[in-house]
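Take a look at the structure set out below.
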Amino acid sequence: MLAALCFPCYNHPMKAKNKLILWCRTLSQKLLASLRRFPVTVLICAITAAELIIFNHTQAYLDAAPRDFLIRLALVSALGIPLSLCIKVLCERTPFRRAIRVLIYLAALAGLILYYLFLLQDFGMVAISRYMAVSLALYFAFAYIPYFYRRENFELYVIRLLLSFLVTYLYASILYGGVAAILLSTDYLFPVDIPEELYFDLWFIVAGVLAPAFFLADIPGGEHDPLPKGYPKVLQVLLSYIVMPLILAYSLMLYAYFALILITAQWPELMVSHLVLWYAILATLVIFCLYPLRRANQWIRATTTIVPWLNLPLLAMMFTAMGVRINAYGFTENRYFVLAAGLWITGCMIYLIAAKRSRNIVLPVSLSIIAILAVFGPWSSYSVSVWSQNLRFEKILAENDLLKEGALVTPADTIPKDDQREISSIILYFERNHGLDELRALPQGSDVDDMEELLGFPLQPYPDYPGREENFFRYSLRREEVVLPIADFDYFAVISPIWPGETAAPAAGEGPITVVYSSEDHELHISVGGAVLYRRDVAEIMTRLHRENSDPELAPEELTFSDQQGKLKVVYLFKWISGVENEASGEIRFDPPEFYLFITVEE
């Protein structure tokens, strides 16, 4: 006893060793449990991570078609993750014979191949939004399939999944950060060259393989797994005494705002509809999570009863605002999705109010059904939007005598500017999302460049549809060091984005010269002896260099510009120029560039 008290450290190495062994054993057991129960899902996770790693290492050397192929392959593989999970929990819920299970998996594989071939041919709005909707529906199905028919504690099961997911990825992020820090320190301290791609590879492995494997190990195992008991105390306090009062306060704020709308008789903007929608979604989620505590807690029972009633008038105002917007501008996919989500939230609120003993599994089941219906079929967001915008387009054309017997004709008179913008917005919407062939009034095979000839006016940018924006990047001095002669210049300055706002750039040598560049308006001032002798809008120079050169990587002389004002001769050498260009208006928003200045003061 005395020896143990005087020398307690003798026991510490053994305890630490035992804890390390126990920790390693627990990790290995979890990995083995995931592989035994979800072998197909873990395999798909590994395949997806491998595809992303290959893309990470080859994207700089591949043309657009091979790059798109790898991305599409990774997306379809990722879609197989929730699909395989749904099949697994379905087979656990309703045991099938081995032959039936094999046929189900083969049908799923065939479905993924067909999805790749026909539904993911590009990365446009239709393909990506449909992909997100299908993924959402599959993940929801994975959550509710084990509890689909007359099983209690569905809410606790979902809470357990969510908490396990958050904790798993928190640990995964810490693990990645630690290993990345070790690699970064090794690269800095030792004469080794660790490629940047390795950091992305590490994240794909940790977040794409290890984290899902550990998460799957904690999923309750079908009918034989004990139902989750007890409600997480921290979550109960957070939701009932912090989040729910905030929801009530937000409700009062929205009621005050809508009272102001009624007084001023001005309809709210679309942004208000989004605020109401996300507030209602959050309220529904909180009610869902707190539902198991209704009987035991009077405050929770009161608030979960009141909030659905509070939501209904707010949702009615949201629908009114949406109706005004749709009546003026027709349906688009975004408005369709907002309207569909609002209808789902309204149905949830009415169900929670009217049902004597609600089964909250109805909420995710109905949401997954709506997600699928919104992206497939003649009632989908795409079909409705194309139909609505075609009607709107033809109506505007007819009002301006541009449509005769369903065919487009050249206008005899000048079309009002507002109508020009409306027509332009619809054309740009179709060009960006569906293709101009879907616009019935236009001749087949029309292009955006043909619109001035067809309509008698160039396309006008419009606030709602400003035209497609394209990122660009021009750079030099990247692949090899370049030696530049500077003997003919008096001063040298470096302008870098690491100095935000108006910053005096360092100039070589001694002398009464100051270089000031504003990264906000791209203005450059050079002062000599306190007097500004040179002013230049650098955006004009970057615009010229951007339009003269289409390749991303350029020789230094291709990103060089010479200028002279008075006795100051200035040569610009840009290390990079980047920004976003609007294809319809030609407007360019430049990022802060990095460039060198060579300055000569002539006598």
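The values are calculated or read from the model by the stated rules, or taken from the named source; none is laboratory data. Owing to the predicted nature of the structure, the values given are computational and were not obtained by experimental measurement. So basically every Cβ, Gly included, is an ideal-geometry build from the backbone, and we count neighbours across all protein chains shown. Just so you know, the surface numbers come from the protein's heavy atoms only, side chains and all, with ligands and any DNA or RNA stripped out. Shrake-Rupley method; radii C 1.70, N 1.55, O 1.52, S 1.80 Å.
Filter the stretch 48-63 for residues that are free of Cβ contacts under 8 Å to residues at least 60 places away in the same chain, open to solvent by less than 70 Å² (accessible area, probe 1.4 Å) and over 17 Å from Y116 (Cα atoms) and give the result. Those that are free of Cβ contacts under 8 Å to residues at least 60 places away in the same chain, open to solvent by less than 70 Å² (accessible area, probe 1.4 Å) and over 17 Å from Y116 (Cα atoms): A50, F55, T58, L62.
Only a single item in (1) open to solvent by 50 Å² or more (accessible area, probe 1.4 Å); (2) over 30 Å from S425 (Cβ atoms); (3) at pLDDT 95 or above is not met by F337, and it is number (2). Looking at this structure, is A107 part of a loop (DSSP other than H, G, I, E, B), hydrophobic (A, V, I, L, M, F, W, C) and farther than 30 Å from E438 by Cβ? Taking the combined requirement at face value, the residue does not satisfy it. Criterion first (of a type in the set (F, W, Y) and either under 29 Å from V386 (Cβ atoms) or in a helix (DSSP H, G or I) (or both)) does F96 satisfy it? Considered against the rule, which asks whether it is of a type in the set (F, W, Y) and either under 29 Å from V386 (Cβ atoms) or in a helix (DSSP H, G or I) (or both), F96 comes out as no. Residues in the stretch 255-269 that are in contact with a helix residue (DSSP H, G or I) (Cβ under 8 Å, 6 or more places away or on another chain), open to solvent by 40 Å² or more (accessible area, probe 1.4 Å) and at pLDDT 70 or above were compared, and the one that is nearest to V324 (Cα to Cα) is Y257. When the test is whether a residue is β-branched (V, I, T), closer than 17 Å to P39 by Cα and either open to solvent by 70 Å² or more (accessible area, probe 1.4 Å) or in contact with a Phe, Trp or Tyr (Cβ under 9 Å, 6 or more places away or on another chain) (or both), I113 does not pass it.
Restricting the stretch 441-460 to residues that are open to solvent by 20 Å² or more (accessible area, probe 1.4 Å) and not in a loop (DSSP other than H, G, I, E, B) leaves a set whose member that is nearest to V384 (Cα to Cα) is V448. Checked against the criteria, I306 does not count as over 23 Å from S366 (Cα atoms), open to solvent by 10 Å² or more (accessible area, probe 1.4 Å), among the hydrophobic types (A, V, I, L, M, F, W, C) and in a helix (DSSP H, G or I). When R72 is tested against the conditions (1) surrounded by 11 or more Cβ atoms within 10 Å (Cβ to Cβ); (2) modelled with pLDDT under 90, the lone failure is (2). Taken over the stretch 527-542, the criterion of being at pLDDT 90 or above and either open to solvent by 40 Å² or more (accessible area, probe 1.4 Å) or polar (S, T, N, Q) (or both) is satisfied by R535, R536, D537, E540.
Filtered by the rule that a residue be closer than 16 Å to S368 by Cβ and of a type in the set (A, V, I, L, M), the stretch 117-173 gives M132, A133, V134, L136, A137, L138, A141, A143, I145, V158, L161. Among residues of the stretch 533-550 that are polar (S, T, N, Q), those with a beta-carbon under 8 Å from a residue that is in a helix (DSSP H, G or I) and at pLDDT below 90 at least six positions away or on a different chain give the pairs N549/E558; N549/L559.
Looking only at the stretch 75-85, decide whether some residue is farther than 25 Å from A217 by Cβ, open to solvent by less than 90 Å² (accessible area, probe 1.4 Å) and either touching an Asp or Glu at 6+ places or on another chain (Cβ under 9 Å) or at pLDDT 95 or above (or both). For the stretch 75-85, residues farther than 25 Å from A217 by Cβ, open to solvent by less than 90 Å² (accessible area, probe 1.4 Å) and either touching an Asp or Glu at 6+ places or on another chain (Cβ under 9 Å) or at pLDDT 95 or above (or both): present. S381 falls short on exactly one of the conditions (1) closer than 22 Å to F123 by Cβ; (2) modelled with pLDDT of 90 or more; (3) surrounded by fewer than 18 Cβ atoms within 10 Å (Cβ to Cβ), and that condition is (3). Against the list (1) of a type in the set (G, A, S); (2) at pLDDT 85 or above; (3) open to solvent by 20 Å² or more (accessible area, probe 1.4 Å), the condition G586 fails is (2). The number of residues in the stretch 555-574 that are open to solvent by 30 Å² or more (accessible area, probe 1.4 Å) and in contact with a Leu (Cβ under 6 Å, 6 or more places away or on another chain) comes to 2. Within the set V167, V243, V237, the sole residue that is surrounded by 15 or more Cβ atoms within 10 Å (Cβ to Cβ), β-branched (V, I, T), part of a helix (DSSP H, G or I) and free of Cβ contacts under 8 Å to residues at least 60 places away in the same chain turns out to be V243. Of all the listed residues (V272, V276, V307), the sole one being of a type in the set (V, I, T), within 23 Å of the chain's Cα centre (by Cα), at pLDDT 90 or above and farther than 21 Å from F154 by Cα is V276. Here the stretch 403-413 is the region considered, the condition is being out of contact with any Leu (no Cβ under 7 Å at 6 or more places or on another chain) and in contact (Cβ under 8 Å) with a residue 24 or more places away in the chain, and the residue that is most open to solvent (accessible area, probe 1.4 Å) is T410. Selection over the stretch 416-440 of residues that are surrounded by fewer than 20 Cβ atoms within 10 Å (Cβ to Cβ) and assigned to a loop (DSSP other than H, G, I, E, B) gives a count of 4. Say whether the condition of being free of Cβ contacts under 8 Å to residues at least 40 places away in the same chain, within 30 Å of Y147 (Cα to Cα) and open to solvent by less than 40 Å² (accessible area, probe 1.4 Å) is met by at least one residue in the stretch 359-366. Yes, that holds for at least one residue.
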